[in-house]
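Each remark here refers to the structure printed beneath this line.
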Amino acid sequence: MAISTNSVIHYTRNFENIKGILSRQGFKLKYCIENMDLVTIPNNSYAVNMVSFCDIPLSEIKNHIDSYGSYGIGLTKNWAKAMGLNPVLYIEKESYLAKVYKAQFKIYSQLVKAEKSTDHLGDNLEAFIQFCKYVKPYEGPLKTGKINNENYRFYNEREWRYSLNESDLEGHDDVLKVTDFLKDKDGFNEKIGHFTLPFKYSDISYLIVGDESDIPELLKCINDNFEDKCTARELKVLSTRILTNNQICNDF
């Protein structure tokens, strides 16, 4: 049995979100809070612009669905690589790598906090910021969906992530202080909502819905958004890539 899929799958709790992704033929970026207390410095959380996926085999996906939703869209890994996605780096808090990372994070944080000029750091500072956006604790607290765990193993999520830097975001922040973000979550997400991660119908490997009652509406959404881009045969092939949450839980 494969320990990872040949697709990356984006899960969500809402059928409307799947229809929105299909109608845009792209994933909207939004800020998500990352808690790095365990591997950087105390009380350190920040909001990062991103789109998240995973490559957990469908036979092992039940716990992930409980956490992040039973609707999903899967894209091929060839698409993921071409678009610049990368697996998240999970760091164990007691490891040597965590100590090195923490030391470097502290140096840059102190420079920024002291409001000293960081111009001399140039590309090195920017590169470190981009690296930080792809780091996550191996384990830590999580409260979402049906999960309420003080020692949740993030490593099991097998996350692939996409994020833009500040220049790609045309001056909008690529990383935000959590205190600022929480004051106006919707406003900040709206500012970057027009930045999307695009795909074509041929990139789609799975479409996952809650149960069979969702399928007619999903088929209509597929036809409405892809009939001018696909042949009738290609539309039919795309419809065969639909799975239900019940199928996954019972048959895989």
So in the range 137-173, with the set limited to residues that are at pLDDT 90 or above and loosely packed, with under 15 Cβ neighbours inside 10 Å, which one is nearest to residue 99 (Cα to Cα)? 153
From 56, 33, 21, residue being in a loop (DSSP other than H, G, I, E, B) and of a type outside the set (Asp, Glu): 56
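Per-residue answers, yes or no, for (1) on the phi < 0 side of the Ramachandran plot; (2) out of contact with any strand residue (DSSP E or B) (no Cβ under 7 Å at 6 or more places or on another chain); (3) in a helix (DSSP H, G or I); (4) among the polar types (S, T, N, Q):
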| site | (1), (2), (3), (4) |
| --- | --- |
| 131 | yes, yes, yes, no |
| 141 | yes, no, no, no |
| 149 | yes, no, no, yes |
| 213 | yes, yes, yes, yes |
Could you identify the single residue in 196, 231 that is loosely packed, with under 14 Cβ neighbours inside 10 Å and among the β-branched types (Val, Ile, Thr)? 231
Is there a residue being in a loop (DSSP other than H, G, I, E, B), more than 18 Å from residue 24 (Cβ to Cβ) and out of contact with any Gly (no Cβ under 9 Å at 6 or more places or on another chain) anywhere in the range 222-234? yes
Suppose we keep only residues that are closer than 20 Å to residue 68 by Cα and of a type in the set (Gly, Ala, Ser) within the range 202-228. Which one would you say is surrounded by the fewest Cβ atoms within 10 Å (Cβ to Cβ)? 210
Being under 22 Å from residue 54 (Cα atoms) and either more than 17 Å from the chain's Cα centre (by Cα) or at pLDDT 90 or above (or both) is the requirement here; does residue 245 meet it? yes
Let me spell it out: the conditions are (1) within 20 Å of residue 154 (Cα to Cα); (2) modelled with pLDDT of 90 or more; (3) out of contact with any Pro (no Cβ under 9 Å at 6 or more places or on another chain), and residue 70 meets all of them except one. Which number is the exception? (2)
Within the range 151-169, considering residues that are free of Cβ contacts under 8 Å to residues at least 60 places away in the same chain and assigned to a strand (DSSP E or B), the one farthest from residue 56 (Cα to Cα): 151
Taking the stated definitions as given, is residue 183 without any contact (Cβ under 8 Å) to a residue 60 or more places away in the chain and of a type in the set (Lys, Arg)? yes
Candidates 106, 81 - the one that is part of a helix (DSSP H, G or I), out of contact with any helix residue (DSSP H, G or I) (no Cβ under 7 Å at 6 or more places or on another chain), at pLDDT 85 or above and surrounded by fewer than 18 Cβ atoms within 10 Å (Cβ to Cβ): 81
Evaluate the following for residue 205: is it part of a loop (DSSP other than H, G, I, E, B), of a type in the set (Gly, Ala, Ser) and under 26 Å from residue 82 (Cβ atoms)? no
Quick one: would you say residue 246 is assigned to a helix (DSSP H, G or I) and farther than 21 Å from residue 21 by Cα? yes
Single residue of 228, 211 found to be modelled with pLDDT under 95, more than 23 Å from the chain's Cα centre (by Cα) and closer than 18 Å to residue 11 by Cβ: 211
In the range 174-191, which residue that is more than 28 Å from residue 90 (Cβ to Cβ) and under 19 Å from the mean Cα position of the chain (by Cα) is surrounded by the fewest Cβ atoms within 10 Å (Cβ to Cβ)? 186
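The values are calculated or read from the model by the stated rules, or taken from the named source; none is laboratory data. This is a predicted model, so every value here is computed, not measured. Here Cβ is always computed from backbone atoms with ideal geometry, including for glycine, and neighbour counts include all displayed protein chains.
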